[in-house]
Structure formats: structure tokens, C-alpha cells
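**Q** Got a structure here, written out as C-alpha cells. Questions coming.
The values are calculated or read from the model by the stated rules, or taken from the named source; none is laboratory data. Keep in mind the model is a prediction, meaning the values are calculated, not measured. Heads up, the Cβs are rebuilt from the backbone with ideal geometry, glycines too, and the neighbour counts pull from every protein chain shown.
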Amino acid sequence: RHKFWETQPVGQFRDAADTSLPDGPIEPPTPLSEVRADPYPLPAAFEWLTCDLDDDALLADLYSLLAHNYVEDDENMFRFNYSPAFLRWALKPPSFFRAWHIGVRAKESKKLVAFISGVPARIRARDDVVRMAEINFLCVHKKLRSKRLAPVLIREVTRRVHQENIWQAAYTAGVVLPTPITTCRYWHRSLNPKKLIDVGFSRLGPRMTMSRTVRLYKLPDAPLTPGFRRMELRDVAAVTRLLRAYLAKFVVAPDFDEVDVEHWLLPQEDVVDSYLVESPETHEVTDFCSFYTLPSSVLNNANYATLKAAYSYYNVSTKTPLQQLMNDALIVAKQKNYDVFNALDVMENEPFLKELKFGPGDGQLHYYLYNYRIRNGIKPSELGLVLL
Ligand code: NHW
Ligand code: EN5
């Protein structure tokens with residue numbers, strides 16, 4: 001069934017019943033001298049290209065490959081449209097490796113036709129903090145699909161990760177592979193219901209009129225919580241403390257330090273937004289919420305070309321109830337003209353999703369670890385990791 005995945009150190013469907021297998025690495029590291037020294041062979045017309053994302057022309061080529069060939073929903077109505085600034089942010093975190101930004105181009109035309117990337121991360125699984133690669137943006141041009149290029153890209157990124165003495169990875173996919181550690185559902189909160197209905201993202205409910213629907217999703221003009229404000233550079237230490245304490249509750253979560261928090265959570269226009277609650281009395285930072293910006297192209301619609309979507313990222317509440325905090329996140333997203341606010345049922349999200357008028361989407365997101373077994377998997381509520 002899975003000619004490629006059967007050969008890889010991942011949980012195999014056939015081992016699911018075996019309770020003797022322990023949590024942790026599936027196979028041990030090999031000496032670095034035994035890591036294959038040269039790139040895997042590509043079909044003759046193609047060549048590897050290590051991408052320099054500081055090069056605006058190369059970044060534009062990557063943006064365009066993904067904008068035309070990356071992930072679509074099951075009915076091919078929408079396609080993710082990661083912006084160039086977002087890609088630079090996602091792929092250049094602290095201590096990133098340029099060798100993990102891997103393109104494939106046509107030798108003759110020099111056109112970029114495929115891509116895969118990794119970035120380094122420390123991820124904790126139970127008590128074990130593991131150096132991993134987060135793998136993302138695997139893409140093969142539509143005209144080159146089903147030719148077994150994806151396994152070559154995956155083997156090549158694996159080789160380059162091994163060269164850095166890293167032996168585990170985390171990744172997500174909308175498709176089922178061997179074997180998810182957990183399966184999450186996307187939830188959607190309409191901010192601009194009329195547009196969402198016009199483009200086919202959502203439907204008018206039974207016995208609902210457009211004006212009743214617009215009223216249903218109405219939000220206040222400004223955040224309600226006193227002391228709610230945008231995160232700034234001076235907040236990095238406080239946010240790191242809040243986030244580390246919170247993420248400790250989950251079975252699988254990133255191990256963020258201040259350097260990571262500055263990169264992943266300091267606001268960047270149209271890339272990542274973070275807000276916090278600073279107590280008006282004590283000036284203590286007590287709560288935090290964040291979302292990232294990932295528009296989707298609207299395919300085949302006469303009136304609209306893109307949907308502006310916010311995706312819930314990391315949220316921490318210690319004083320302000322999480323539901324109230326997320327309501328303020330919806331309000332600022334609405335102020336900033338987002339059409340929809342999306343979230344997964346990870347961490348403690350489930351209760352507020354229902355209360356704040358999110359509805360379940362038709363998409364799922366499966367989470368995977370490479371060369372790391374977690375017996376029986378975990379529940380979405382035990383997962384403290386959000387990948388982009
Ligand atoms: S998930 C988004 C993936 N990208 C897209 O869906 C974009 C649109 N689709 C495409 O570009 C986020 C192509 O359809 C792709 C497959 C390239 C997906 N993950 O070349 P073939 C990520 O980026 C397996 C893993 O003929 P294709 C995460 C498939 O099961 N494997 O197919 C990426 C089959 O293997 P099997 C996937 O349609 C994580 C084989 O590929 C997959 O032309 C990567 C068929 O290949 C997917 N999303 O190209 C793994 N989709 O065994 C990282 C298909 O079943 C692992 N396949 O026969 C860790 C590595 C690092 C380790 C470090 C220690
Ligand atoms: C790697 N980082 O399917 C990610 N999106 O529900 C790669 N559905 O937008 C893997 N089909 O339900 C990504 N509207 C896997 C996800 C791929 C994209 C995807 C889904 C997630 C999605 C929308 C549109 C469906 C269009 C037809 C959807 C319903 C919204 C409605 C709003 C009002 C309340 C009820 C729900």
C-alpha cells in the first residue's frame with residue numbers, strides 16, 4: 001500500500017497492536033561518517049538547488065510555485081497563498097540551515113518545479129526534549145505529479161537533516177500516512193459572512209437570511225479586556241515565561257526560549273500578530289494570544305481573488321478567561337479586515353470554539369513524528385504544537 005512509507009522509521013499500521021514497543025526513537029542514530037555524502041539522484045532533466053531566501057528573485061519563484069501548486073481543499077475551491085514575507089519568517093528561524101531549503105529545478109529552463117523544507121526545533125515528547133526538524137512546504141508542480149518525486153525530496157531532506165546530527169522530525173498533512181500521533185479538525189469563525197458565502201467557503205444556514213447571518217457574526221468594534229494590547233519587544237521575557245509554563249501541560253509541545261519567542265511571536269505585519277493582557281494595576285503580563293496570516297486564493301470566482309484568513313497560533317490564559325481572550329482576538333482580526341478566523345481543536349481550544357460560533361470545517365490535519373514512537377498516540381487536547 002505504501003511502497004515508500006513502509007521503508008521509513010515511522011509507526012507502521014501493522015505495529016499498532018504491539019504494546020511491547022516503547023515510546024521514543026524507533027531506530028538509533030548512525031555515525032555521521034555513515035550518512036550518505038552526496039545528494040540522491042533526480043531524473044536527468046532536473047537538478048537540486050539549495051535556496052537562498054534572502055534572494056528576492058528566488059523567494060518570488062518559491063512564492064509562485066506554492067501559490068500555483070500547493071495545498072487545496074478537497075473540492076479544489078481554495079489554495080493556500082503563503083506570502084513571501086511569511087515564507088521568509090517560516091523558513092528562517094533562529095539557527096536555521098540554508099541546506100534544508102531544498103528546491104528542484106529544470107536544468108534547461110531553470111524553472112523551480114519542486115520544493116521541500118526543514119527548520120530546526122526543540123520539541124518535547126512527554127519528558128524527552130528532542131532536537132527535530134519541522135518539515136513543511138513539500139510541493140511538486142502539478143505537471144510532475146505521481147512520478148515518485150516526493151519520496152526523493154523526502155529522502156534528500158532526511159539526509160541533510162542527518163548531516164546536522166538530527167534524527168527526528170515533526171510534520172503535518174491533510175492526508176493519512178503511517179501513522180498519525182493525533183488527528184485534528186479545523187474550525188472556522190466567520191468574520192465576513194457575506195463574502196464567505198459568495199465565494200462558497202460557507203453556506204447560508206437553513207432558515208437563515210443574509211441579514212440574520214451578518215447579525216449572528218457581529219462583533220464589538222474594539223477589544224473588551226482592559227489592558228489588552230499588541231505584544232512588543234520588551235514583552236519577550238514575560239511572554240516566554242507564560243508560554244513555557246503553559247506548554248508544559250501538553251504531551252507534545254515545542255520547547256521555546258526567549259530567542260524562539262522573539263522570532264515566532266513578535267508581531268510582523270500580515271505575518272504574525274500577538275496580543276497580551278497587561279494588568280492595569282500591577283503591569284504584570286497575565287494572558288497572551290496570537291494568530292498568523294495565511295490567505296487562500298479563491299479559485300474560479302468572478303468577484304474575489306483571495307480570502308484573508310487568520311489562524312490561531314499560541315494562546316495562554318492565566319487571569320482572563322480563554323474564551324474572553326479569544327473573543328478579543330476575533331475582534332482585532334475583524335478590525336484588521338480578516339474574512340475568517342481558523343483554529344484547530346488542539347490544546348484547550350475545544351470549549352471556546354463552540355462558544356464563540358466557530359463551526360467545524362471539512363478538513364482534518366494529521367500530525368506525525370519521524371523516527372519517534374508515541375504508543376497509542378495522543379488526543380488533540382494533549383497536543384501543544386502548531387505548525388505553519
Ligand atoms: S503537507 C502538504 C504537502 N503538499 C501538498 O499537499 C501540495 C500539493 N501536492 C503536491 O505537491 C505539509 C504533491 O501531491 C506531493 C506528493 C508533493 C504532496 N507527506 O511523488 P509522488 C508538508 O509539507 C507520499 C508525506 O508520486 P505526488 C509535510 C505518498 O503517500 N508523504 O506523489 C511534508 C506516496 O508514498 P507511498 C506524502 O502526488 C512531510 C508518495 O508520496 C505526502 O506527485 C514530508 C507518492 O509520491 C505528504 N503530504 O507528490 C515527510 N503526499 O509510500 C517528512 C504524498 O504511500 C518526513 N505522499 O507510496 C520527515 C523527513 C525528515 C526526517 C529527519 C530525521
Ligand atoms: C501544513 N501546514 O481542507 C498544512 N481546508 O476545514 C497542510 N474548509 O478550509 C495540510 N471544500 O470547511 C492542510 N468551510 C490540510 C487542509 C487543506 C485545506 C482544507 C478546510 C479546513 C477548509 C472550508 C471550505 C470548504 C470548501 C469546500 C470549510 C465551512 C466553514 C463554515 C463557516 C460557518 C460555520 C460552519 C463552518
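**Q** Please determine whether any residue of segment 97-104 is within 27 Å of D270 (Cβ to Cβ), within 16 Å of ligand 2 (Cβ to nearest atom) and either of a type in the set (V, I, T) or out of contact with any helix residue (DSSP H, G or I) (no Cβ under 8 Å at 6 or more places or on another chain) (or both).
**A** no
**Q** From (1) within 16 Å of ligand 2 (Cβ to nearest atom); (2) buried (at least 21 other Cβ atoms within 10 Å of the Cβ), pick out the condition that doesn't hold for R79.
**A** It fails just one condition, (2).
**Q** Next question, about the same structure. Is segment 248-259 home to any residue that is aromatic (F, W, Y), buried (at least 18 other Cβ atoms within 10 Å of the Cβ), under 30 Å from I123 (Cα atoms) and within 18 Å of the chain's Cα centre (by Cα)?
**A** Among the residues of segment 248-259, at least one is aromatic (F, W, Y), buried (at least 18 other Cβ atoms within 10 Å of the Cβ), under 30 Å from I123 (Cα atoms) and within 18 Å of the chain's Cα centre (by Cα), which makes the answer yes.
**Q** Sticking with this structure for a sec: Among all residue pairs at least 6 apart or on different chains, which show Cβ distances below 8 Å where the first residue, located in segment 315-328, is more than 15 Å from L242 (Cα to Cα) and of a type outside the set (S, T, N, Q) and the second is part of a helix (DSSP H, G or I) and at pLDDT 95 or above?
**A** From residues that are more than 15 Å from L242 (Cα to Cα) and of a type outside the set (S, T, N, Q), the pairs are M326/F352.
**Q** Another question, if that's okay. Report every pair of residues separated by at least 6 positions or lying on different chains whose Cβ atoms are under 7 Å apart, first residue within segment 154-165 and within 9 Å of ligand 1 (Cβ to nearest atom), second in a helix (DSSP H, G or I) and among the aromatic types (F, W, Y).
**A** Hits for this filter: V157/W100; R160/W100; V161/W100.
**Q** Based on this model, can you work out whether T240 counts as in contact (Cβ under 8 Å) with a residue 12 or more places away in the chain, hydroxyl-bearing (S, T, Y) and farther than 30 Å from Y63 by Cβ?
**A** yes
**Q** Only one residue in K334, K379 is surrounded by fewer than 18 Cβ atoms within 10 Å (Cβ to Cβ), over 18 Å from N136 (Cβ atoms), of a type in the set (K, R) and more than 17 Å from the chain's Cα centre (by Cα), so which one is that?
**A** K379
**Q** Out of all the residues in segment 339-388, which are over 22 Å from V176 (Cβ atoms) and among the β-branched types (V, I, T)?
**A** The one that is over 22 Å from V176 (Cβ atoms) and among the β-branched types (V, I, T): V340.
**Q** Considering only segment 89-102, I want to know if a residue exists there that is free of Cβ contacts under 8 Å to residues at least 60 places away in the same chain, surrounded by 16 or more Cβ atoms within 10 Å (Cβ to Cβ) and part of a strand (DSSP E or B).
**A** Yes, segment 89-102 contains a residue that is free of Cβ contacts under 8 Å to residues at least 60 places away in the same chain, surrounded by 16 or more Cβ atoms within 10 Å (Cβ to Cβ) and part of a strand (DSSP E or B).
**Q** Could you tell me whether segment 218-225 includes any residue that is closer than 30 Å to Q364 by Cβ and at pLDDT 95 or above?
**A** Yes, some residue in segment 218-225 is closer than 30 Å to Q364 by Cβ and at pLDDT 95 or above.
**Q** Taking segment 115-152 on its own, how many of its residues are more than 25 Å from I374 (Cα to Cα), more than 7 Å from ligand 1 (Cβ to nearest atom), more than 18 Å from the chain's Cα centre (by Cα) and surrounded by 17 or more Cβ atoms within 10 Å (Cβ to Cβ)?
**A** 2
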